[in-house]
Amino acid sequence: DAGRQLDAGALRRVCDPDSLRFETTADLPALAEVLGQPRAVAAMEFGVGIASHGFNLFALGQPGSGRTTLIREYLERLAATQPAPPDLCYVHDFADSRRPMPLLLPAGQGATFKRDVHDLVTELRAAIPRAFDAEEYTKHRDQIVQELDDRRQQLFAGLERRVSEAGFQLMRGPGGVLLVPVIQGKIISPADLARLTEAEQQKVEQVRKRLQADIEDSLRTAREVEKSIREKIQTLDRETAAYATKHLIDELRTRYQEQAAVLSYLDSFENDVLASLDDFRKAGESEATPQVPLAAGAERPLTRYKVNVLVDNSQLKGAPVIVESNPTYSNLVGRIEHQASWGALFTDHTMIKAGALHRANGGYLIVAARECLLNPVAWEALKRALKESALKIEEIGTHLGLVTTVTLDPRPLPLNVKVVLIGAPMLYYLLNAYDEDFQKLFKVKADFTARMDRTPEAEQGYARFVSTIARQEKSLPFDRGAVARVIEYGARTAEDQEKLSTRFGEIADLVREAAHRAGRNNHSVVTAEDVRQTEQARRYRHNLIEEHLQEAFRKNTVLVEVTGSAVGRINGLSVLGLGDHTCGHPVRITAAVAPGQRGVISIEREVELSGPIHGKGVLILNGYLLRKYAQSRPLNLSASLVFEQQYSMVEGDSASLAELCVLLSAVSGVPLRQDLAVTGSVNQHGEVQAIGGVNDKIEGFFDLCRARVFSGSQGVLIPASNRRHLMLRDDVVEAVRRGEFHIWEVDNVEQALVILTGQQAGVAGPDGEYPENTVHRAVSDALLKYAEVMKAQAAIQEKSG
């Protein structure tokens, strides 16, 4: 049973333009839903809908699948139906200046409140000095001061009278008030006092002590009077200032009467203003004086009354959707800036800056997982904020315990945000395995697939996607033929006739390039030919290395035959991945055999130029030989396989079918066609299994055959299970249609051998023997001869031993 030759219609699933229900994409609405990701959309709906703690999302998928764009657009549509979160402000805490307080105001009121407070402070700076300059204030203050003078004069007049009556006089000295004895109106000197009798001296000293106590009482009374007067002046000042400011502050209270936090702040604000009247009186004076840089540690006048609006949501039409592409520690949780003055640094609450979590609070935050993990302490800061449902701004040096200087310690802010991490599948599984917090904080997995089913609805969705990109770019619309070609490109990218690629970033680039080319071709709409030329131009830009390989084949620098037949030699197919481009290229595989007991070895494996999967494929060949030919006698075979002129790493088992065929050819002596190339994996039962990169492999051999001139018999053998993956280039399909190139599908090794050798493979009879003139019979006979040779050698060794 030979394999089946495929006709041209099986090599590419063409999209019929007539199946698309429009003339140009200008007739189609823009794509409003997420295309081809029902599983991810269901996860997104669940993740953003559940309010429980820890149900944040991790969106995993291959780069270029458009995950970030799709998630952002989905969240923006959802967020537009939700209320805008409050504005976030930070204000000075008058009770603890190191701990600024967060203040939440309805969206749009943050900037208004900041302006209102600024205007209030401006009015206070004018109203307070004006109130103290008023005649009524001066009159009341003078009365209080006069009262102080009167009471002080009365107090000291009485004191002087009592001192005089006691025979002393008060005199002021450097150390304070002195008591000097007086007799008959004359001050007694210390020498005169010493000439008095001891009784007279004791009497003078007793009077002095009594008067000294009287003086101390009088001075204490004077201080109390002064304190009382000061209190009266302070009370007068507060009453004067309150009279001048209360109505101004009350206006704000009325305006924000529904905001309890604002009212509480205004109460503290008012108390601090009344307790700091000198700041306002000096502020009024400083307007006429030049500004001088602040000394280190000095407080900027009236700065504490400023309102710092960290997040202004006045322009939001719904909940915020923030994409943080550079998730550093500061960009996520905010920072505290400093200003240099006189060689020192200082800060205050106005230098607190918002992070992405502040801006996304009440909405959604999209973060690139890899970038977050690469930034120092950013990942831990994000986890801590989500665990505590609170956002605390902390300098990174303080967070790490590296800085102990005095700085601000803003009070934390309640956090209500859905975080969507975006990363590769491997990163998700590594975090899930090794980070115990990850499982608790990111409980929703949104898995973005790289392919979707190719249904009529999906093709129509592709058309709407093309329409959306064309509108966004303000480019030419696409006609039905062009869209059909884009759909075929999507199937080729997915490497499946029944699938379409969901890597919409790549599809969008194709749409943009095709529209640009159509404009250069002076077309009014983008046609299928524009898209085809775009595909060719893309390939030309990226396939320089592929052309170098083909040149090496054409000039026989790399030896590969595409005509004739040979024993122990076959054309395998390999794929070279270059990041932005993949290409297939033929590779000659040869086998050498002899009697022995080593079995089949791979030279690449022996010299460590192959990976474990390739090594597994070679060992499977041993299993096939044992099952097929060693059921009644031992397998006496030593064979080596090698990829000729292959000097880089070999990995994968897609060459195992070719390796098995060339091995059987080398053992049996049956030649193999060199005008055919073979790809496919094989198991121990000889069944041919699907491989990857089938289109690139076929096209690589096709390009070589075309360069060497078609013989009309050249072609490729592929696994039958790869038939659905065929989305070949137009030139390959056309060559098959003309009979210049051929593609066969095979299910097992026997079918491949029939095509490659022109002989039947053979089926074992009841006695286990294969029919004459079959490949398996030739292999069996050769292995029997090998067994006899080994037996004879063993006998000779036994005799000589």
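The values are calculated or read from the model by the stated rules, or taken from the named source; none is laboratory data. From a predicted model like this one, the values you see are computed outputs, not experimental measurements. Because the Cβ atoms are built from the backbone with ideal geometry, glycine has one as well, and the counts that use them run over all protein chains shown. Areas reflect the complete protein model, heavy atoms only, side chains present, ligands, DNA and RNA absent. Shrake-Rupley method; radii C 1.70, N 1.55, O 1.52, S 1.80 Å.
For the reader, a short list of remarks on this structure follows.
- Dipole magnitude (debye, nearest 20) for region 217-283, charges at Cβ of Lys, Arg, Asp, Glu: 200 debye
- Charge tally around GLY61: other residues with Cβ under 10 Å, Lys/Arg +1 each, Asp/Glu -1 each, net +1.
- Of all DSSP-defined beta bridges confined to the chain, some 60% are antiparallel rather than parallel.
- The Cα-based radius of gyration and maximum Cα-Cα distance (Dmax) for the chain are 47.0, 164 Å.
- Nearest-20 debye value, region 313-379 charge dipole, Cβ charges on Lys, Arg, Asp, Glu: 160 debye
- Antiparallel beta bridges, as assigned by DSSP with both residues in region 457-616, represent about 90 percent of the total such bridges.
- Qualifying trypsin sites (Lys or Arg not before Pro) in region 705-801, where qualification requires a DSSP coil assignment and no more than 14 other C-beta atoms within 10 Å, comprise ARG738.
- Dimensions (Å) - region 644-710, Cα atoms, principal axes, largest first: 36, 29, 25
- Calculated P(r) of region 411-561 - Cα pairs past 27 Å, %: 49 percent
- Beta bridge orientation in region 647-801: antiparallel %, DSSP, nearest 5: 25 percent
- Ordering LEU413, PRO612, LEU637 by the projection of their Cα atoms onto the charge dipole of the chain, which places +1 on the Cβ of Lys and Arg and -1 on the Cβ of Asp and Glu, puts LEU637 at the extreme positive end.
- Along the axis of the charge dipole computed for the chain (Cβ charges of +1 for Lys and Arg, -1 for Asp and Glu, origin at the Cα centre), the listed residues ASN522, PHE504, VAL775 are led at the positive end by VAL775.
- Reachable aspartates and glutamates, given that their alpha-carbon falls under 20 Å from the alpha-carbon of LYS139 and they are not under 8 places away in the same chain: GLU147, ASP149, ASP150, GLU226, GLU231, ASP237, GLU239, ASP278
- Once divided by 2.2 N^0.38 Å, the Cα radius of gyration of region 720-801 becomes 1.81.
- Rg to Rh, two decimals, where region 24-140 supplies the alpha carbon set and Rh follows Kirkwood: 1.31
- With DNA, RNA and ligands ignored, accessible area of LEU549 (1.4 Å probe; Å², nearest 10): 50 Å²
- Within the assembled protein chains, the solvent-accessible surface assigned to MET649 is about 120 Å², based on a 1.4 Å probe.
- Shown are ARG532, ARG13, whose ranking by accessible area with a 1.4 Å probe and every protein chain present, most to least, is ARG13, ARG532.
- Surface accessible to a 1.4 Å probe, VAL321 within the full protein complex, Å²: 30 Å²
- Kirkwood Rh in Å, taken over region 558-645 so that all alpha-carbon pairs contribute: 14.8 Å
- Rounded to the nearest 500, the 222 nm mean residue ellipticity of the chain from helices alone is -15500 deg cm²/dmol, with -39,500 (n - 2.57) taken per DSSP H run of at least 4 residues.
- Local net charge near GLY680, Cβ-Cβ under 11 Å (Lys/Arg +1, Asp/Glu -1): -4
- Selection from GLY108, VAL14, CYS89 lying farthest towards where the dipole of the chain points positive, charges on Cβ: CYS89
- Using only side-chain charges placed at the Cβ, +1 for Lys and Arg and -1 for Asp and Glu, the dipole size of region 523-665 relative to its Cα centre rounds to 600 debye.
- Listed by chain and number, the lysines placed with their C-alpha closer than 28 angstrom to that of LYS203 are LYS186; residues fewer than eight positions away on the same chain are left out.
- On a per residue basis, the chain carries 49 Å² of accessible surface, using protein heavy atoms and a 1.4 Å probe.
- Neighbourhood charge, 13 Å Cβ-Cβ cut-off, centred on ASP18 and excluding it, Lys, Arg +1 and Asp, Glu -1: -2
- Note on the chain: with neighbouring protein chains present and a 1.4 Å probe, carbon and sulfur make up 51 percent of its accessible heavy-atom surface.
- For VAL444, the residues whose amide H sits under 5 Å from its own are ASN56, PHE58, ignoring neighbours fewer than 5 places away on the same chain, with H placed 1.01 Å from N.
- Violating pairs (Cα-Cα greater than 23 angstrom) within the set LYS445/LYS616; LYS114/LYS232; LYS383/LYS443: LYS445/LYS616; LYS114/LYS232
- Listed by chain and number, the aspartates and glutamates placed with their C-alpha closer than 12 angstrom to that of LYS392 are ASP409; residues fewer than eight positions away on the same chain are left out.
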